[in-house]
1. Hey, could you check segment 1-20 for residues that are within 13 Å of the chain's Cα centre (by Cα) and of a type outside the set (A, V, I, L, M) and say which is nearest to P61 (Cα to Cα)?
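The values are calculated or read from the model by the stated rules, or taken from the named source; none is laboratory data. Every value quoted in this text rests on a predicted model; they were computed, and no experiment measured them. Backbone-built Cβ (ideal geometry, glycine too); neighbour counts: all protein chains shown.
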Amino acid sequence: MMAKPPNDLPRYRVLTGPDDEAFCRRVSEALDLGYVLHGSPAVAVSGGQAIVAQAVVWPEPATKEHVVGFVSPAASGIVGRG
């Protein structure tokens, strides 16, 4: 995954528009680029038409996870204590 969004796009975007196929395609295109949905869509009615908004964010780069594992008694210095 790229560290930054392509085409100099911002990491956070709010897509808005009439609730139609064009809006759905814009959200789908953002997802295809690698954005992820942020929260639920919002819907408002203006002049009898539904207007929708959906926030998308560019995911943070993955970080190395700390692995929690078993440490043997010998390695921990516990051996022989009793």
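1. Looking at the filtered set, the residue picked out is K4.
Here is a yes/no grid of residues against (1) modelled with pLDDT under 95; (2) surrounded by fewer than 14 Cβ atoms within 10 Å (Cβ to Cβ); (3) in a loop (DSSP other than H, G, I, E, B):
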{"residue": "V14", "(1), (2), (3)": "no, yes, no"}
{"residue": "V27", "(1), (2), (3)": "no, no, no"}
{"residue": "A62", "(1), (2), (3)": "yes, yes, yes"}
{"residue": "G80", "(1), (2), (3)": "yes, yes, yes"}
